[in-house]
Amino acid sequence: MFERIAIRYLRSWATKEERKPLVLRGARQVGKTTLVELFAKDFDTYIYLNLEERENAELFAADYSFEDLLAGIYFKANKQQDENKRTLIFIDEIQNEPKAVQILRYFYEKRPDLYVIAAGSLLESLMGRHISFPVGRVEYMALHPCTFVEFLKAIGQDVIAEHIEQVSLPASLHTHVMDLFKKYMIVGGLPEAVANYAQFNDLVRLNGVFNSLLSGYRDDVEKYASKPKEQDAIRYILNYGWTAAGHRILFAKFTGSTFKAAEAGNAFRTLEKTLLLELVYPLTSSSLPILPDLKKSPKLLWLDTGLVNYVAGMQEDLLFNKDADELWNGDIAEHVVGQELLGATYNFGEKRMFWVRNAKNSQAEVDFLIRYKSHLLPIEVKTGNNAKLRSLHLFMEESKETIALRLWNGPMTSDTITKSNGETFTLYNIPLYYAGHLQHFLDGVV
């Protein structure tokens, strides 16, 4: 298995003086268990407890003292307690025993020398309903699908990956890396798909992987919701909602369904808790603070662009279309940019943002906004030399910012643009493959 960049975050967590048990949060199949197993190689002792196994869950369910529980954990793992050895305990599928969630606080309070990580494949859908983590006694980390850099490392392109991270790729490699980025859009970032492609270099072979992943998500419907009507709505969204990726949506009669707004809305919000999708609501202000307008229709962004392309049947077009402008125009480039923006952070709760003009009958919409220090900067995903950027210009007319970003299929360039009031701003035209490293880019220009 290839190494995830997220292991750097785990190693940083392990060095904290006030380290708390870590709750690893992410959708199913993003590689949480595999990541921890890779991380475990840094330790002298590794104990893995899967609470889907009844005897493991019963350890936590019984009313043992914390000391007796800990002794039982070591005995069951056939390990000796030794405070001189760095020990990692991974409690997987923790949602199967709510008492285990509460016991995390005692690891923090009584045995801070132990390194404890918890995760669960259905944890997100149960948070707030059946499970509540001890406030102030745990910390969280978000794990997302693999980024483009992780994809590159998986297929052996380590040198290019390093240059992407540093935003320092030679211009002579632009076309080659754009071709690699196109493959990343087809494969997506789910670890099973990335590993399969890295091993076999066969895009057709991925169809079986995607089918298996989608079947797994659909099979979980009964676990996400108990009411038949909501289950039906969730199934409908999982079958037909992929075609709306990157679009603003209306809940009422979503994609021609018969579901009412409340029914579809509840189903979408349930799926959002599983982290399979995100409902991104727009901002109408061009400056901080960030206040999404929940009365306006949201944009639908799914977990993974590879899945979107597979369900929508766009893989062949992406693979064989040689017209760069036609290939990169449209929603799929915007969707993969959104995926890269989210993949750039491990802070749980990070939300993507976009902007609409708060004016009657206005159609102005900027694809994304990114917060950089005290700045709120616009991002347009547009291709071709003659692409119009009217919405971005309208945002900059209202904004006091002096920098705007355009992600495209061309090379790195910049333009100085004069606003109607005579002030100027710099528009940076940035290749799509740098989407996950805009913070690093901005460090050099702001």
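The values are calculated or read from the model by the stated rules, or taken from the named source; none is laboratory data. Note that this is a predicted model, so its numbers are computed, not measured. With ideal geometry, Cβ positions are generated from the backbone for all residues, glycine too; neighbour counts draw on all protein chains shown. In case anyone asks, the SASA skips ligands and DNA or RNA and just uses the protein heavy atoms, side chains included. Shrake-Rupley method; radii C 1.70, N 1.55, O 1.52, S 1.80 Å.
At-a-glance table
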quantity: Pair list, Cβ under 7 Å, 6 or more apart: segment 158-183 residue closer than 12 Å to Phe148 by Cβ, other residue among the charged types (D, E, K, R); calculated: Ala161/Lys153
quantity: Filter result for the condition that a residue is part of a loop (DSSP other than H, G, I, E, B) and either on the phi > 0 side of the Ramachandran plot or not aromatic (Phe, Trp, Tyr) (or both), over Asn78, Asn56; calculated: Asn78
quantity: Hits in segment 253-276 - residues which are outside any helix (DSSP H, G or I) and either open to solvent by 30 Å² or more (accessible area, probe 1.4 Å) or acidic (Asp, Glu) (or both); calculated: Lys253, Thr258, Lys260, Leu275
quantity: Residue in segment 130-142 that is surrounded by 14 or more Cβ atoms within 10 Å (Cβ to Cβ) and among the polar types (S, T, N, Q) present; calculated: no
quantity: Some residue of segment 58-68 being at pLDDT 95 or above and within 30 Å of Lys153 (Cα to Cα); calculated: no
quantity: Residue list for segment 330-388, restricted to those being in contact with a helix residue (DSSP H, G or I) (Cβ under 7 Å, 6 or more places away or on another chain), open to solvent by less than 40 Å² (accessible area, probe 1.4 Å) and among the aromatic types (Phe, Trp, Tyr); calculated: Trp355, Phe368, Tyr372
quantity: Looking only at segment 389-406, and only at residues there that are part of a strand (DSSP E or B) and open to solvent by 10 Å² or more (accessible area, probe 1.4 Å), the one that is nearest to Glu334 (Cα to Cα); calculated: Arg406
quantity: Selected residue (criterion: surrounded by the fewest Cβ atoms within 10 Å (Cβ to Cβ)) from residues of segment 27-53 that are assigned to a loop (DSSP other than H, G, I, E, B) and at negative phi; calculated: Asp44
quantity: Residues (at pLDDT below 90, within 24 Å of the chain's Cα centre (by Cα) and within 17 Å of Arg19 (Cβ to Cβ)) located in segment 97-134; calculated: Phe133
quantity: Close pairs (8 angstrom Cβ cut-off, 6 or more residues apart or separate chains): of a type in the set (Gly, Ala, Ser) in segment 225-240, part of a helix (DSSP H, G or I) anywhere; calculated: Ala225/Gln231; Ala225/Ile234; Ala225/Ala267; Ala225/Thr270; Ala233/Glu263; Ala233/Ala264; Ala233/Asn266; Ala233/Ala267
quantity: Total residues in segment 389-446, condition touching a strand residue (DSSP E or B) at 6+ places or on another chain (Cβ under 6 Å), under 24 Å from Met185 (Cβ atoms) and among the hydroxyl-bearing types (Ser, Thr, Tyr); calculated: 3
quantity: Qualifying residue in segment 86-96 (condition: over 25 Å from the mean Cα position of the chain (by Cα) and either open to solvent by 90 Å² or more (accessible area, probe 1.4 Å) or of a type outside the set (A, V, I, L, M) (or both)); calculated: yes
quantity: Segment 407-445, residues that are of a type in the set (A, V, I, L, M) and surrounded by 13 or more Cβ atoms within 10 Å (Cβ to Cβ); calculated: Leu407, Met412, Ile417, Leu427, Ile430, Leu432, Ala435, Leu438, Leu442
quantity: Close pairs (6 angstrom Cβ cut-off, 6 or more residues apart or separate chains): within 14 Å of Ala77 (Cβ to Cβ) in segment 29-58, at pLDDT 95 or above and of a type in the set (Phe, Trp, Tyr) anywhere; calculated: Ala40/Tyr46; Tyr48/Phe90
quantity: Residue in segment 145-164 that is within 21 Å of the chain's Cα centre (by Cα), more than 30 Å from Tyr217 (Cα to Cα) and surrounded by 16 or more Cβ atoms within 10 Å (Cβ to Cβ) present; calculated: yes
quantity: All positions within segment 1-22 that are in a helix (DSSP H, G or I) and open to solvent by less than 90 Å² (accessible area, probe 1.4 Å); calculated: Ala6, Ile7, Tyr9, Leu10, Ser12, Trp13, Ala14
